[in-house]
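Working notes for the structure below.
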Amino acid sequence: MSIDESAYQLVLERWVRDVEVSARFYESIGFSIERMEEGFAVLSWNREQILMLGEVVDPVTPHPLSGHIRVLVPDVDATLSIVEKLGREIYRDIADQLYGLREFMILDPDGFGIRFATPTTKVSART
């Protein structure tokens, strides 16, 4: 069963140097590959969120960390353990943040950040 991509109002598409390498990286950290073809892939997180990968030749990246996505998980410490067992380098160590999240960050093969987080407290919205 495939995901109906048209049902999502906001979808991130990442430009990557090698779709196959990047898709396998994301799959190793918990994303599912929903569709893959030459130069393009559609991934999902818990079949609820979509991430698209588009292959480009010589992508221009102005900074090693050109951006990131945040993935909320039930237990960020357990996720960190899985990522460490996979041998992935941690870009930002796990820490409790003032804005109510415990989080850490890794980078994908093209330097894009994946920030895994679990809420530690309820943070009230500013009025």
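Only the coordinates and a few stated rules stand behind these numbers; no lab work does. Just so we're clear, the structure is a prediction, and the values are computed from it rather than from any experiment. Methodologically, a virtual Cβ is constructed for each residue, glycine included, from the backbone with ideal geometry; neighbour enumeration extends over all protein chains shown.
If we sort 93-100, 69-76 on the protection proxy, mean other Cβ atoms within 10 Å, highest first, what's the order?
For the peptides 93-100, 69-76, the packing ranking is 69-76, 93-100.
Output ³J(HN,Hα) for the stretch 13-24: one whole-Hz value per residue in order, computed from phi by the Karplus curve 6.51 cos²θ - 1.76 cosθ + 1.60 with θ = phi - 60°, and x for Gly and Pro.
Listing the rounded values in order: 10, 9, 8, 9, 6, 9, 4, 4, 4, 5, 4, 5 Hz.
How large is ³J(HN,Hα) for each residue in the stretch 97-102, as worked out from phi by the Karplus curve 6.51 cos²θ - 1.76 cosθ + 1.60 (θ = phi - 60°), to whole Hz, x for Gly and Pro?
Computed from phi, the couplings for the stretch 97-102 are 9, 4, 8, x, 10, 9 Hz.
Using a basic spin-label model with each label point 7 Å from the Cα along Cα→Cβ, how many nm lie between ARG24 and ASP96?
It works out to 4.0 nm between the two label points.
Just grab the label-to-label distance for LEU86 and GLU37, each label 7 Å out from Cα along the Cβ direction, in nm (one decimal).
Simple spin-label model gives 2.6 nm for this pair.
Apply the Kirkwood formula to the stretch 64-109: the hydrodynamic radius equals the inverse of the mean of 1/r over all pairs of different alpha-carbon atoms; give it in Å with one decimal.
With all distinct Cα pairs of the stretch 64-109 included, I get 11.4 Å.
Can you list the HN-Hα couplings for the stretch 45-53, worked out from phi with the Karplus curve (6.51, -1.76, 1.60; θ = phi - 60°), rounded to whole Hz and with x for Gly and Pro?
10, 6, 6, 10, 10, 10, 10, 9, 10
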